[in-house]
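> Starting off with a structure, shown below.
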Amino acid sequence: MITGERMAAVDENAAALGVPRKQLMESSGHAVARAVREVAESGASVAIVAGRGNNGGDAFVAARFLDEYSVTTILLGRAERIGTEIARENWAALQRADYETREIADSSEVDLPAADVIVDAMLGTGISGDLREPAATAAAAINAADATVVSVDVPSGFDADGGDHADNGVEADRVVTFHETKPGLDDLEAEVMVADIGIPAAAERFVGPGDVSLARPDGREGRPNVIGGGPYTGAPALAAQAALRAGAELSFVAAPDSVAGEIQGYSEDLIVQPYDSGVLTPDVADDLLETAERYDNVVVIGPGLGTADETLEATRQFLSAYTGRAVVDADALAVVPEIETDATLVCTPNRGELARMGGPDTDDLAAAADEIEAFAADLGHVVLAKGANDVITDGERTRISRSGTVGMTVGGTGDTLAGIVAALLEHAGPLEAAAAGAHVNGLAGERLAEREEYGFLASDMLAALPAVLWGGSDE
Ligand SMILES: NC(=O)C1=CN([C@@H]2O[C@H](COP(=O)(O)OP(=O)(O)OC[C@H]3O[C@@H](n4cnc5c(N)ncnc54)[C@H](O)[C@@H]3O)[C@@H](O)[C@H]2O)[C@H](O)CC1
Ligand SMILES: [K+]
């Protein structure tokens, strides 16, 4: 089962692994042709109704595999407004190879030829909202036709993220969906066939650019609050700054008044809010909990907190009562296996912290991915286990991030990671935020290592983050 937006991420990851979208489109189109052949008698007439996106592109490919039939390909819209390069190229090939094609400018021109089989390639996972014209009129004509309807990827009008189908959507007899079925597809009347289109398993297993695109903030959003500091002051400052560099609008630090000034001193960009105590105590935790619940910000709890008994008790109390989203790092991790909570937690243990939490005790986290997945399932939260390769899992789905470089084994890179995950968690799911966060943190380190393999600081990574999240230069 895979959603449309996750499919786009996997698609982008496949391209980064060397399997470009055009090759996927060729496989998709071939799969559609095979499905048509299963329902078309020899000599049958086939009408392809294509949209201007890659769903249509798949059908332009299919037309080339259906020479034994009389095929007409109808494009809803003008050819020059085909939305993607690979769909345009496949349309152009049909023109040059003298295939039977028609362009429909608007709904008044919708007039489907009589056909034994209709291929519905108007809309796939790129749909937004109920069918607009001319797709709406075309869908009605398809539904009224006396033909077998084969839909490409999903019936046009079906939402591959939410699983519901537009009232004016196409009623397909068959659906050829790619790679994995989509949520809700099997509830439709249609017969669903899943076509393998050659996406390497690595495109799902390993975090890639598609996962970063999926979790990247569009614009500045979120106001994470770092609950940290006490004995240490660098960690909360790094985490809070990383959150800003990863797209947060504001970044708060709640810290003991004894160190608040020092933390503020690291960066004027932070909003440091001192509390009247030398360390995090249960009373202070109560106040911070009330604030966190009121503002519904993502919390980062742990950086630099220290391990005083009353601090651990305060952390236990905060996380047990909290119902929002939090990144739990460093010394705060110890309490997570001891508590029940309704909060959505992303735990970011390093190898030692993972073992102390009850997870596998090993240097090669990727080799222990299944055990870490089982540990996360038991823990009930997302675990981002940090190592040479990071293992990110919600107990059901597991990803490996291979980004990063040996120079990152310097103090503070775990703090920047926690801040990045917090910024992404403001708008992305916990697994998605953790996977993209781990990956982006590693890419920032790689970018610095291009200049010098060692010797860079965690604080140097802050300036490299925007470039790896949004592309562009950090110079
Ligand atoms: N992800 C993969 O691995 C592969 C996907 N393939 C095919 O690509 C489509 C998704 O293509 P995309 O270009 O993103 O969008 P669509 O073609 O689905 O539709 C976009 C198209 O439709 C217009 N549009 C959007 N909403 C509406 C609406 N409500 N009413 C009318 N028109 C609408 C929009 O303006 C665009 O023009 C996927 O389904 C697969 O079929 C690859 O080819 C194979 C690998
Ligand atoms: K379709």
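The values are calculated or read from the model by the stated rules, or taken from the named source; none is laboratory data. Everything quoted here is computed from the prediction, not taken from an experiment. Positions of Cβ are backbone-derived with ideal geometry, glycine not excepted, and every protein chain shown enters the neighbour counts.
> Which numbered condition in (1) at pLDDT 95 or above; (2) part of a loop (DSSP other than H, G, I, E, B) is the only one that THR307 fails?
Here THR307 meets the rest and fails (1).
> Sticking with this structure for a sec: Take the residues in region 129-160 that are acidic (Asp, Glu) and within 12 Å of ligand 1 (Cβ to nearest atom), then tell me which one is surrounded by the most Cβ atoms within 10 Å (Cβ to Cβ).
Out of the qualifying residues, it is ASP153.
> Can you name the condition, by its number, that VAL71 falls short on among (1) within 14 Å of ligand 2 (Cβ to nearest atom); (2) outside any helix (DSSP H, G or I); (3) more than 31 Å from the chain's Cα centre (by Cα)?
Condition not satisfied by VAL71: (1).
> Looking at region 343-353, is at least one residue surrounded by fewer than 23 Cβ atoms within 10 Å (Cβ to Cβ) and assigned to a loop (DSSP other than H, G, I, E, B)?
Yes, the conditions are met somewhere in region 343-353.
For every residue, the table says whether it meets (1) of a type outside the set (Gly, Ala, Ser); (2) more than 10 Å from ligand 1 (Cβ to nearest atom).
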| residue | (1), (2) |
| --- | --- |
| THR3 | yes, yes |
| ALA16 | no, yes |
| SER28 | no, no |
| ARG37 | yes, yes |
| GLY43 | no, yes |
| GLY56 | no, no |
| ALA59 | no, no |
| GLU85 | yes, yes |
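> Just name the residue that is farthest from ligand 2 (Cβ to nearest atom) out of those in region 12-32 that are in contact with a strand residue (DSSP E or B) (Cβ under 9 Å, 6 or more places away or on another chain) and in a helix (DSSP H, G or I).
ASN13
> So, one more: Can you tell me which of (1) basic (Lys, Arg); (2) surrounded by fewer than 16 Cβ atoms within 10 Å (Cβ to Cβ); (3) at pLDDT below 95 is the one ARG81 doesn't meet?
(3)
> While we're looking at this one, here's another question. Return yes when GLU189 is out of contact with any His (no Cβ under 9 Å at 6 or more places or on another chain), away from ligand 1 (no atom under 15 Å from the Cβ) and of a type in the set (Asp, Glu) and no when it is not.
yes
> Take MET7 and decide whether it is outside any helix (DSSP H, G or I) and either surrounded by 22 or more Cβ atoms within 10 Å (Cβ to Cβ) or away from ligand 2 (no atom under 16 Å from the Cβ) (or both).
Against the criterion (outside any helix (DSSP H, G or I) and either surrounded by 22 or more Cβ atoms within 10 Å (Cβ to Cβ) or away from ligand 2 (no atom under 16 Å from the Cβ) (or both)), MET7 does not qualify.
> Which of the strands (runs of 3 or more DSSP E) found entirely inside region 361-445 contain at least 1 residues meeting this: touching a residue at least 24 places away in the same chain (Cβ under 8 Å), within 27 Å of PHE456 (Cα to Cα) and among the small types (Gly, Ala, Ser)?
Filter on region 361-445 gives 382-385, 398-401.
> Report, by residue number, each residue of region 164-179 that is more than 10 Å from ligand 1 (Cβ to nearest atom) and surrounded by 16 or more Cβ atoms within 10 Å (Cβ to Cβ).
Within region 164-179, HIS165, VAL170, GLU171, ALA172, ASP173, ARG174, VAL175 meet the criteria.
> For region 130-141, give me the residue count where each residue is more than 14 Å from ligand 2 (Cβ to nearest atom), in contact (Cβ under 8 Å) with a residue 24 or more places away in the chain and within 28 Å of the chain's Cα centre (by Cα).
Summing the residues that are more than 14 Å from ligand 2 (Cβ to nearest atom), in contact (Cβ under 8 Å) with a residue 24 or more places away in the chain and within 28 Å of the chain's Cα centre (by Cα) in region 130-141 gives 1.
> Can you tell me how many residues in region 87-127 are within 16 Å of ligand 2 (Cβ to nearest atom) and either among the acidic types (Asp, Glu) or outside the structural domain of ASN54 (by TED's automatic domain parsing) (or both)?
1
> Considering only residues that are farther than 17 Å from ALA87 by Cα and crowded, with 18+ Cβ neighbours inside 10 Å, which ones fall in region 10-56?
Within region 10-56, VAL10, ASN13, ALA14, ALA35, VAL36, ALA40, ALA44, VAL46, ALA47 meet the criteria.
> Further question: Using the structure shown, decide if GLY51 is among the small types (Gly, Ala, Ser), modelled with pLDDT of 95 or more, within 14 Å of ligand 2 (Cβ to nearest atom) and under 22 Å from PRO20 (Cβ atoms).
yes
> If ILE199 passes every condition in (1) surrounded by fewer than 21 Cβ atoms within 10 Å (Cβ to Cβ); (2) closer than 30 Å to GLU396 by Cβ; (3) outside the structural domain of ARG399 (by TED's automatic domain parsing); (4) within 13 Å of ligand 1 (Cβ to nearest atom) but one, which one does it miss?
Evaluating ILE199 over (1) surrounded by fewer than 21 Cβ atoms within 10 Å (Cβ to Cβ); (2) closer than 30 Å to GLU396 by Cβ; (3) outside the structural domain of ARG399 (by TED's automatic domain parsing); (4) within 13 Å of ligand 1 (Cβ to nearest atom) leaves (1) as the failure.
> List the number of the failed condition for GLN273; all other conditions in (1) outside any strand (DSSP E or B); (2) over 25 Å from ALA464 (Cα atoms) hold.
(1) is the only condition that GLN273 fails.
> Let me ask something additional. Looking at GLY57, is it within 22 Å of ALA31 (Cβ to Cβ) and in a helix (DSSP H, G or I)?
yes
> Let me ask another. Output the residues belonging to region 9-64 that are under 23 Å from GLY208 (Cβ atoms) and either of a type in the set (Gly, Ala, Ser) or outside the structural domain of ALA97 (by TED's automatic domain parsing) (or both).
Once the filter is applied, which keeps residues that are under 23 Å from GLY208 (Cβ atoms) and either of a type in the set (Gly, Ala, Ser) or outside the structural domain of ALA97 (by TED's automatic domain parsing) (or both), region 9-64 yields ALA9, ALA14, ALA15, ALA16, GLY18, SER27, SER28, GLY53, GLY57.
> Continuing with the same structure: For region 233-251, which residues satisfy the criterion of being touching a strand residue (DSSP E or B) at 6+ places or on another chain (Cβ under 8 Å) and part of a helix (DSSP H, G or I)?
Within region 233-251, PRO236, ALA237, ALA239, ALA240, ALA243 meet the criteria.
> Return only the number of the condition from (1) within 15 Å of THR311 (Cβ to Cβ); (2) not in a helix (DSSP H, G or I) that SER258 does not satisfy.
Only one criterion in (1) within 15 Å of THR311 (Cβ to Cβ); (2) not in a helix (DSSP H, G or I) is unmet by SER258, namely (2).
> How many of the residues making up region 387-414 are under 15 Å from GLY359 (Cα atoms) and crowded, with 24+ Cβ neighbours inside 10 Å?
4
> Here is a follow-up. Is it true that GLY184 is touching a Phe, Trp or Tyr at 6+ places or on another chain (Cβ under 9 Å), within 16 Å of ligand 1 (Cβ to nearest atom) and on the phi > 0 side of the Ramachandran plot?
The answer is yes for GLY184.
> Give the number of residues within region 124-172 that are touching a strand residue (DSSP E or B) at 6+ places or on another chain (Cβ under 8 Å) and under 14 Å from ASP58 (Cα atoms).
Final tally of qualifying residues: 8.
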